[in-house]
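Following: one structure in structure tokens, then a few remarks.
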Amino acid sequence: MIINLAKGRSVFDRLTFQRQLSIFFLITAVLMMVFVSVIAYIQAITELKANFKLYTASILKRTKDEIETKFNLVENTLNFIAADYRLQMLGKQDLKVSQRSLAKLLVDSINLNNYQVSTGNRRLTKNLIDDLIIYGADPQKPTVIIGRRDHFTVYGIEHYLSPELLAMIRSAQGKVVWSDIFYNQVGARLMVNLPQEILREELNQLVVGKWLADPQTKTGLGYLVASINLARLSDLIEDIVLGKTGRLYIIDRKLQILAAGEKNLILCPIPLDDASLRQLETAPEGSMEGKFNGRNSFIHFQEITPNRWKLVGVIASQEFQASARKVRNRILTGGILVLAAFTAMAVLAAGKITRPIKNICAFMQKVETGDLSLRVHETGSIEIEQLSQQLNRMIEHLARLLEEIYQEQIFKRKIALKMLHAQINPHFLYNTLDSISWMVATGRREIAMELLESLSTIFRVTLSGGRDIIQIGEELEHAENYLRVQRIRYQDKLDYVINVDEEIKKHLIVKITLQPLIENAIYHGIKPKLDGRGAIVILGRRIGPDLVKLSVLDDGVGMSPEKLAALQVLLAEPQLNPETEGKGYSVVNINSRIKLYFGAAYGLTYSSKEGTGTRVDILLPVKAPEEGKTL
């Protein structure tokens, strides 16, 4: 056959080497343009990241300064009150000052810490101090003066002024001391109807304390304490947003969150990765990239000087990436416009080259499913046309070869099965005629007649009009006549019971399946027993919509675990062997016949216990008589 090499070839296939080289240079130029765009993008992103960090750090610095101002104002308020003449009169016996006057002093001093915040169109007045308290120096009967008694959060706060805290304030010699966080249980009993998140902020408190002493006599007058709860700390930062979603957090020296917009994080360790935590713990300020709550983030922090707390700003990397995407899109827009034409050309060329190969691959996937009648008809380059022709010839040859193998296997199976059936009849005839001869010789003619009748029935079922598949009812009749013959031969030492559901007797079984199993049970199970007595039970029922189970049980000597395991290995694969055991009928051959006729899911299953007996289960499909096949 002459193949036209020029037929079906595209323009690209006919290009000269010069034109192909020109295309190569063109693609190289495109790659260089992409490289330049990438370099520009990297430089722009570096600059954008620097500006991004600078912007965040500036907001953090401004907020930190405002917080420090408010903290310093709290300390200055305490110093202002301590210097007031009314407070100095506490230690004078000849000069008295009323508690009302001192309470008014405290309230007026609290108002000095008011600050304004804007919420929408409204301006609100807030204050960092929850309340001011004067706590007397007498540990037995301390004087307690509270500025605003309408604040439940400070009720009972004097109970949390522990001796250790008071000693620390006193040892500071007039300097202001910031305490750790504590929970006001007394206030909790008065605020029972509020949500837990609000209670956690309102009732977790700290105190800012100062030791009061007479400036002349240095006699201790008591303690001046400012109560601050975590809700008032959160007011300082919760409305401040970094970028679009970034947040601020105030943490103490233990890296525990004291103030945050996310209320569920308050009093929890700040959720940073280990490297970020180490830097946050050791450095007074810094910027880093790490993980917050498992998400990549930019993290900035600065130390708050009065108490060495830290203000931490966290902004998700996704915000920076969004800005980076905008920059990237602007840089690449021009390049994309230029590349569009070249990309279209590349796609068309690649599609032209690869489309026949893709079609051939799809064709071979269909052939893999078993349909060998398909043929491929692809045109294109010379190589594609030749490949299509070679594939078609290979599939035709493969189809012929598979058909020959299939027919050969069917022929071999038929021959093997016919040879196996030919073994059965002489074996039965030999054993049974031997028994009849013995009965006649001993004058037991009636029993000999019964044996002949049973033998006649056995051979009628064995012949079965040349069928290899019969109904289970016929097979049971064959097995019962065999058992009757054996019971007579063994002089009633053998008992048997047949209990099979009527509904399964119409279904199909491979002919002469039960009789060899019964014979094995007698000769290898019951006969080796000391007294030679035993019983055989045949059971049968339907165990599912598509499954029938027959069982042959004996109370013989059973099998050892090793022998049982070896038998199970033999039964795992179908093996037809007409020469097995010379005489008799191998259980391996029985199992193989069932699998060959009905499928690999069916066959024999053995279970046995040494000294107790053996059970063999026969699994068969639910098949009506009209479904049977004759070989």
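The values are calculated or read from the model by the stated rules, or taken from the named source; none is laboratory data. This structure is a prediction, so every number in the text was calculated from the model and none was measured. Here the Cβ is made from the backbone with ideal geometry for all residues, glycine too, and neighbour counts use every protein chain on show. The accessibility values were calculated without ligands, DNA or RNA, using every heavy atom of the protein model including side chains. Shrake-Rupley method; radii C 1.70, N 1.55, O 1.52, S 1.80 Å.
Below is a table of values for the structure above.
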item	result
Probe 1.4 Å, accessible area per residue of segment 178-332, Å²	45
Under-5 Å amide H pairs with K623, H placed in peptide plane, nonlocal only	L508
M449 accessible area, assembled protein chains, probe 1.4 Å, Å²	110
Distribution of pairwise C-alpha distances over segment 159-204, 5 Å bins, in %	5, 20, 23, 15, 13, 12, 8, 3, 0
Derived scalar couplings ³J(HN,Hα) [segment 526-537; Karplus, 6.51 cos²θ - 1.76 cosθ + 1.60; whole Hz; x for Gly, Pro]	8, 4, x, 5, 4, 8, x, 9, x, 9, 10, 10
Restraint check, K141/K210; K511/K609; K506/K595; K527/K549; K64/K141, Cα-Cα greater than 31 Å	K64/K141
Solvent exposure of segment 498-579 as accessible area per residue, Å², 1.4 Å probe	49
Segment 120-228: relative contact order as a whole-number percent, Cα under 8 Å and 6+ apart	33
Phi to ³J(HN,Hα) by Karplus 6.51 cos²θ - 1.76 cosθ + 1.60 over segment 73-86, Hz, x for Gly, Pro	5, 4, 5, 5, 5, 4, 5, 5, 5, 4, 8, 5, 5, 5
Shape call, segment 491-558: gyration tensor on alpha carbons, a/c limit 1.5	prolate
Heavy atoms of Y155: accessible area, 1.4 Å probe, square angstrom to 10	80
For I59, net neighbour charge (Lys/Arg +1, Asp/Glu -1) across residues whose Cβ lies under 12 Å away	+3
Cut-off under 5 Å, modelled amide H: who pairs with L212 long-range	L221, G222, Y223, L224
Within segment 283-331, trypsin sites (Lys or Arg not before Pro) in DSSP loop having at most 11 other beta-carbon neighbours inside 10 Å	R308
Cα gyration tensor shape of segment 359-401, rounded if a/c is under 1.5, else prolate or oblate by comparing a/b with b/c	oblate
Which of V588, V208, V38 is most accessible, then next, and so on - probe 1.4 Å	V38, V588, V208
Fraction of accessible area attributable to carbon and sulfur, segment 241-326 (%, probe 1.4 Å)	46
Amide H contacts of L267 (H built 1.01 Å from N, under 5 Å, at least 5 apart or other chain)	I257, L258
For segment 238-253, Karplus couplings with θ = phi - 60° (6.51, -1.76, 1.60), whole Hz, Gly/Pro x	5, 8, 8, 10, 8, x, 9, 10, x, 10, 10, 9, 9, 10, 8, 5
Accessible-area value, T333, 1.4 Å probe, nucleic acids and ligands omitted, Å²	70
